[in-house]
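Okay, so here's the structure we're looking at.
The values are calculated or read from the model by the stated rules, or taken from the named source; none is laboratory data. Not measured: the values here are computed from a predicted model. Cβ atoms come from the backbone with ideal geometry, glycine included; neighbour counts cover every protein chain shown. Keep in mind that these areas ignore ligands, DNA and RNA; they rest on the heavy atoms of the full protein, side chains included. Shrake-Rupley method; radii C 1.70, N 1.55, O 1.52, S 1.80 Å.
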Amino acid sequence: MPYDEKEYAKGREFVLRAVGVRKLYQRGTETVHALRDINLCVYRGEYMCVMGPSGSGKSTFFNMVGGLDSPSKGRVFMDAVDMAQLNAKELAFLRCRKIGYVFQSYNLNSVMTALDNVTLPMVFSGMHADDARARGMALLDRVGLKDRWNHRPKEMSGGQQQRVAIARALANNPSLLLCDEPTANLDIKTGREIHQLLYELNRQEGVTIICATHDYNMLKVCDRIVWIVDGSVNRIELSSDLLIEKASLGEHDE
Amino acid sequence: MTSSEHMDVRKQVQLSFRKSLGFCLKGISYRLFRSSLTLAVVVVAVAFFMALLSEGTMTRSIGKGVAAAVLDLREGDLLLTHIFYPHSTLGLSRKLAAAHGQPETLAEFAQVAGITPEAAARLAGQCRLENKYLSFFEDMNIGKRMVLVKKARGREVFTILADPARWDEFTRNLANMRSLRLPTDITTMRAFVDNWPNHLKSLEAARAGWAATVTGLQTRLQALTGGGDVADWIAGARDAEVEQWRQAVVAAGFRLEPVVMLRLRHLLTLASHETRIARLLQSDESRKAWKESFGSLPSLEEQFAQVNDPRADSLLGGSFTPQQRVAVAANFTRAQQLRNLEDKLPVRRTSGGEPAGFLDGSQLFLAVISFIVCMVGITNAMLMSITERFREIATMKCLGATDGFILNQFLIEAAIQGMIGGTLGMAIGLLVALIKSSAIFGVSVFVYFPALPLLLCAVFTVVLGVLLSMLASIYPSRAAAAMAPMDAMRVE
């Protein structure tokens, strides 16, 4: 059963819409087409994986939808807001409250405790310190690190650090969670735990997730897979279809 | 969130200074090593500057103290000169110019010279002008002077300029010499020149009056003292006689309060004793006797410093009480100390006799160089710190930090480093200056310790450290604030 956008969109509302997004870089005299007219909708509550080889434009696409970079042409709408129209302070506002970022290398502040790291976006959003602390503890509890709130990144394993990073990304209850290869630095077992956590967050709390990954294990837990090749959307598949294919090929995930 | 809900995008909130500060302090405490490198740069620069500044301050304070002390020792001489010295009209004119605007001194002068206080004040005003014009002509170079007044010297210029033709020539030439500035306006000078013969006449009259009074006074005092040396007479006089002497001086119109007389008497007595002791010590027999009782014969200066020794008593024929000998020795030692200090003080004076400014040229040059090195050092250290922390900065921007917040973080960090480094540097610099100065001047540093000026220097240097540090980190802070948030995604 091939993927049908209209069928899939039925009954869903979009959180993010990329319309004809194009990005050109000037590298010396040569113009690099990082993105070529990408049209893509991300729907509320879905778990979308973005796959593609290195240099395919995945990261550039992430920067566009994350409000970190602006397209050369085309528009990115977050709900109804065109991100290209926002000034620096409004973009900071957006990044603070509407988007949560999870990085490949965790990017925790090494001088702060887990709790301080989680409450950092709340500090930026101007939340009262006591409220921030309470919410930070609740989030740490949710990712299973309540008893490690006073530990610094150095004292935690990679998986634990990524959990803290996920809790931090959720700090201001964002509309969208952007994960950039969250398991690339982790071993398979820990990676699977992170997958499980993201899956639970998506299913139980309804967090919308976009996740760039090379990890085929992740495909199990997501709804849709977007393949980006050479700066454009090559194909979109439903995870359920893919799993059937895989099963029929006899590929069995342990 | 439902679809009907319109997404509301506002400007990101601005964090309070207190929050920013707390955030920054937390960061610094974990990057102590990097911070301490920047700190060391500030410390060295500020310490260097503080050492220069406070050494200059201490030297100046000692210089001032010594000058005052020397004046104090010579007070007796100065008072006697004031009373008995016969003035020329030129000398009198200088004296009156200095007394301009001092009613008490002018009143005294009027009394002694036998003129009204108003006339004395008028005369003083004219004398002030005279001295201004005289030094105007004295100070200019010889070429300009030849053009303006030919070969006229000193007061001759006033007689020459009285001639209308010469005056016209003078004003014409003066107008062409842009670099010259007349101490008063030209009409005042013209009026003064016109009045010159009258001025000289009244000055001469005042001088004659003063001289007559002083001569009269001297005759009267000679009757009292028997014509000998004033100092010797006062040293041996009884209280009542001294009071008589003072009354006579006061009757002539001089101001001489009992307190001042007491001091004058003390100083003159000391001087008289010193002269007598010197005379006694220089005789051949006493030199021999000194050698016998002390075992050696030092210079007269060293002998003076030892007259408080009991052995010296018999040498001096027992004519001085132990207290007197102690006083003479102490006075002598003090004068010697002051002379020593004067020798060690740098001779650094401008033409007006005023001490030179805070730092001289070469010191200022060194200070400026040290600041430039310091700024480059801080900028470099800050840039390195930013390169090291690019991911942290970019991540913070992803999490909602504004450019302003990042900028503030780095500026606050720089200010804190400047403050701590400045304070440390100030303390080190002060210590170095203290050690150096006390090696040169000994305890005199603490006798004339300039606490308040040093405090000002300290505050100034700490503020300077903060400013310097902040100035040096403007560029790195801006670089940090301009960092792209997508760098956070980068993976090495």
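Kindly indicate whether A:Asn202 is under 14 Å from the mean Cα position of the chain (by Cα), not in a loop (DSSP other than H, G, I, E, B) and not basic (Lys, Arg).
Taking the combined requirement at face value, the residue satisfies it.
Could you please find all residues in region B:196-235 being at pLDDT below 80 and open to solvent by 60 Å² or more (accessible area, probe 1.4 Å)?
B:Gly226, B:Asp229
Just to be sure before I move on: is B:Glu104 at pLDDT 80 or above, in a helix (DSSP H, G or I), open to solvent by 60 Å² or more (accessible area, probe 1.4 Å) and touching a Lys or Arg at 6+ places or on another chain (Cβ under 8 Å) in the structure I sent?
yes
Restricting attention to region B:470-492, and to residues there that are farther than 18 Å from A:Ala92 by Cβ and more than 59 Å from the chain's Cα centre (by Cα), which single residue is nearest to the other protein chains (Cβ to nearest Cβ)?
B:Val491
Looking at region A:66-149, what helices (runs of 4 or more DSSP H) fall wholly within it and have at least 1 residues that are among the charged types (D, E, K, R), facing another protein chain (nearest Cβ under 10 Å) and under 17 Å from the mean Cα position of the chain (by Cα)?
Counting at least 1 such residues, we get A:88-97.
Quick one: which residue in B:Leu134, B:Leu123 is assigned to a helix (DSSP H, G or I) and touching a residue at least 24 places away in the same chain (Cβ under 8 Å)?
Just a single option satisfies the conditions, and that option is B:Leu123.
Only one of B:Ala289, B:Ala312 is farther than 24 Å from B:Leu71 by Cα and touching a Leu at 6+ places or on another chain (Cβ under 8 Å); which?
B:Ala289
Restricting attention to region B:14-54, and to residues there that are within 16 Å of B:Ile416 (Cα to Cα) and hydroxyl-bearing (Ser, Thr, Tyr), which single residue is nearest to the other protein chains (Cβ to nearest Cβ)?
Going through the qualifying residues, I end up with B:Tyr30.
Identify, from the list A:Gly55, A:Gly28, A:Gly20, the residue that is more than 14 Å from every other protein chain (Cβ to nearest Cβ) and without any contact (Cβ under 8 Å) to a residue 24 or more places away in the chain. If you could, list the steps in order and put the result at the bottom.
Numbers: A:Gly55 fails: more than 14 Å from every other protein chain (Cβ to nearest Cβ); A:Gly20 fails: without any contact (Cβ under 8 Å) to a residue 24 or more places away in the chain.
Selected residue: A:Gly28, the only one of A:Gly55, A:Gly28, A:Gly20 that is more than 14 Å from every other protein chain (Cβ to nearest Cβ) and without any contact (Cβ under 8 Å) to a residue 24 or more places away in the chain.
Suppose we keep only residues that are among the aliphatic types (A, V, I, L, M) and part of a helix (DSSP H, G or I) within region A:205-242. Which one would you say is farthest from A:Arg163 (Cα to Cα)? Spell out the reasoning first.
Taking region A:205-242 as the starting set, the residues that turn out to be among the aliphatic types (A, V, I, L, M) are A:207, A:209-210, A:212, A:218-219, A:221, A:225-226, A:228-229, A:233, A:236, A:238, A:242.
If we keep only those that are part of a helix (DSSP H, G or I) as well, we get A:218-219, A:242.
Details: A:Met218: 16, A:Leu219: 20, A:Leu242: 28 Å.
The selected residue is A:Leu242.
Which helices (runs of 4 or more DSSP H) does region B:188-287 wholly contain that include 3 or more residues that are under 27 Å from B:Glu108 (Cα atoms) and free of Cβ contacts under 8 Å to residues at least 24 places away in the same chain?
It comes to B:239-251, B:258-282.
Could you look through region A:170-193, keep only residues that are open to solvent by less than 10 Å² (accessible area, probe 1.4 Å) and aliphatic (A, V, I, L, M), and pick out the one that is farthest from the other protein chains (Cβ to nearest Cβ)?
Checked region A:170-193; the qualifying residue farthest from the other protein chains (Cβ to nearest Cβ) is A:Leu177.
With the structure loaded, tell me whether B:Arg128 is touching a residue at least 24 places away in the same chain (Cβ under 8 Å), open to solvent by 70 Å² or more (accessible area, probe 1.4 Å) and closer than 28 Å to B:Gly253 by Cβ or whether it fails that test.
yes
Within 13 Å of chain A (Cβ to nearest Cβ), assigned to a loop (DSSP other than H, G, I, E, B) and open to solvent by 70 Å² or more (accessible area, probe 1.4 Å), is that true of B:Lys11?
yes
Considering region B:388-439 alone, what residues qualify as being small (Gly, Ala, Ser), within 11 Å of chain A (Cβ to nearest Cβ) and under 22 Å from B:Ser16 (Cβ atoms)?
B:Gly400, B:Ala401, B:Gly404
Quick one: which residue in A:Ile209, A:Ile188, A:Ile244, A:Ile236 is more than 16 Å from the chain's Cα centre (by Cα) and in contact (Cβ under 8 Å) with a residue 60 or more places away in the chain?
Of A:Ile209, A:Ile188, A:Ile244, A:Ile236, the one residue that is more than 16 Å from the chain's Cα centre (by Cα) and in contact (Cβ under 8 Å) with a residue 60 or more places away in the chain is A:Ile236.
Taking interchain pairs and intrachain pairs at least six residues apart, which have beta carbon atoms under 9 angstrom, with the first residue in region B:151-162 and part of a helix (DSSP H, G or I) and the second hydroxyl-bearing (Ser, Thr, Tyr)?
B:Val157/B:Tyr133; B:Phe158/B:Tyr133
From B:Arg166, B:Arg145, grab the single residue that is touching a helix residue (DSSP H, G or I) at 6+ places or on another chain (Cβ under 7 Å), open to solvent by 40 Å² or more (accessible area, probe 1.4 Å) and farther than 20 Å from B:Lys201 by Cα.
Sole residue among the options that is touching a helix residue (DSSP H, G or I) at 6+ places or on another chain (Cβ under 7 Å), open to solvent by 40 Å² or more (accessible area, probe 1.4 Å) and farther than 20 Å from B:Lys201 by Cα: B:Arg166.
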